[in-house]
Amino acid sequence: MSLIRMTGVEKVYRMDGVEVQALQGISLSIAPGEFVAIMGPSGSGKSTCMNIMGCLDRPTAGTYLLDGTDVSTLDDVALARLRNRRLGFVFQSFNLLPRTSAVENVELPMIYAGTPDRRAKALAALEAVGLRARAGHLPTQLSGGEQQRVAIARALVVSPSIILADEPTGNLDSTTAGEIMTLLDRLCSQGITIVLITHEAEIAAHARRLIQFRDGRVVRDMATRTRTVSPGAPLR
Ligand code: ADP
C-alpha cells in the first residue's frame, strides 16, 4: 500500500499569458516508513511536486492519492483537514513566528486543529527534539539548528505520518546539518515517512532512496546504499 501515489501528475503555471510546465507527468509511489531524497537542478519542479504532495497545491492533470484518498475529490476544507492531520512541513527558513516563544510556535498547528492539552503536547514535542529547556526562548534567542529543531517539533506535534522537508539544512553549517539529519533519521526509524529536497549529496546520503528531477520529470529513481556502521564506530 502506497502512502503517496502520483500518476501522470502535471502542473502548469500561467503567468502574464505565458505557460510554464513545471511538472510534465510525474509518476511515483512512496510506501509508509520510506526516507526519500529529491534532488535536481533549480527549476526542475522539486518544490512544485512537494507542494502537491503536501496538498498545498493541486495538479493540473494526473492523479494524486494520499493514503488511498484521491485529493482531487476533496474540497478546500477537507484538504486542509487532511493536511493538518497527516503532514508536517519543515522549511529551509524555519518559518517560526518571530515574537513568539518556542513553545507557542509549536502550539500553532494544534490551535488551527482545535487540539486540547496544547501546552503539554508542545512541551513533549520540544522534549523529543532535545529543546525542553528552551521552551520560553524567542527564535532570535536560539541558534539556527535550534530554530530548525523547534520547527521539527512544530511539525511533529500533530503526529503526522509524513514529514515534507524543503532544504531543511540549507541555512545550517555542516555539523548542525548533520544533527538535523540524525534527528530526521530517528523520526524515520520511529515510522514517520520522510521526503526531503536537498542540493547536497551528503544530506541525500541519509535517505534510503533518491529521486532525481530534471525539467519537470523524474529522470532517476533508485535505492541508495544502505549506510553501514562499523562496530565501535560512533553513530552519526
Ligand atoms: P525547484 O524546486 O526544482 O527549484 P520549482 O518547482 O520551484 O523548481 O519550479 C519549477 C518551475 O515552475 C520553474 O520554472 C518555476 O519558475 C516555475 N514556478 C514555480 N512556482 C511558480 C508559480 N507559483 N508561478 C509561476 N511559475 C512557477
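The values are calculated or read from the model by the stated rules, or taken from the named source; none is laboratory data. Since the model is a prediction, treat every value here as computed from it, not as a measurement. Here the Cβ positions follow ideal geometry from the backbone for every residue, glycine too, while neighbour counts run over all protein chains shown. Side chains are part of the model used for accessible areas, which takes the heavy atoms of the whole protein and leaves out ligands, DNA and RNA. Shrake-Rupley method; radii C 1.70, N 1.55, O 1.52, S 1.80 Å.
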Worksheet entry | Every residue from the stretch 1-47 that is of a type in the set (Ser, Thr, Tyr), open to solvent by 10 Å² or more (accessible area, probe 1.4 Å) and either within 8 Å of the ligand (Cβ to nearest atom) or more than 20 Å from ARG83 (Cβ to Cβ) (or both) | THR7, TYR13, SER27, SER42, SER47
Item to complete: All but one of (1) assigned to a strand (DSSP E or B); (2) out of contact with any Pro (no Cβ under 9 Å at 6 or more places or on another chain); (3) at pLDDT 95 or above hold for ARG14, so report the exception by its number.
Response: (3)
Discussion item. Can you find a residue that is touching a strand residue (DSSP E or B) at 6+ places or on another chain (Cβ under 9 Å) and small (Gly, Ala, Ser) anywhere in the stretch 121-128?
Written reply: no
Practice prompt. Within the stretch 81-110, track down each residue that is among the hydrophobic types (A, V, I, L, M, F, W, C), closer than 25 Å to GLY144 by Cβ and in a helix (DSSP H, G or I).
Written response: ALA102, VAL103, VAL106, LEU108, MET110
Practice prompt. State all residues of the stretch 153-185 that are touching a helix residue (DSSP H, G or I) at 6+ places or on another chain (Cβ under 9 Å), more than 16 Å from the ligand (Cβ to nearest atom) and under 25 Å from SER2 (Cβ atoms); if no residue qualifies, say none.
Written response: ALA155, LEU156, VAL158, SER159, PRO160, SER161, ILE162, ILE163, MET181, LEU184
Fill in: the stretch 136-160, subset open to solvent by 10 Å² or more (accessible area, probe 1.4 Å) and small (Gly, Ala, Ser), residue farthest from ILE194 (Cα to Cα)
GLY136
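For ASN95, indicate whether it is open to solvent by 30 Å² or more (accessible area, probe 1.4 Å) and closer than 22 Å to LEU172 by Cβ.
It is true that ASN95 is open to solvent by 30 Å² or more (accessible area, probe 1.4 Å) and closer than 22 Å to LEU172 by Cβ.
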Discussion item. Please go through the stretch 48-80 and give me each residue that is part of a helix (DSSP H, G or I), more than 16 Å from the ligand (Cβ to nearest atom) and surrounded by 15 or more Cβ atoms within 10 Å (Cβ to Cβ), ordered by number.
Written reply: VAL71, LEU79, ALA80
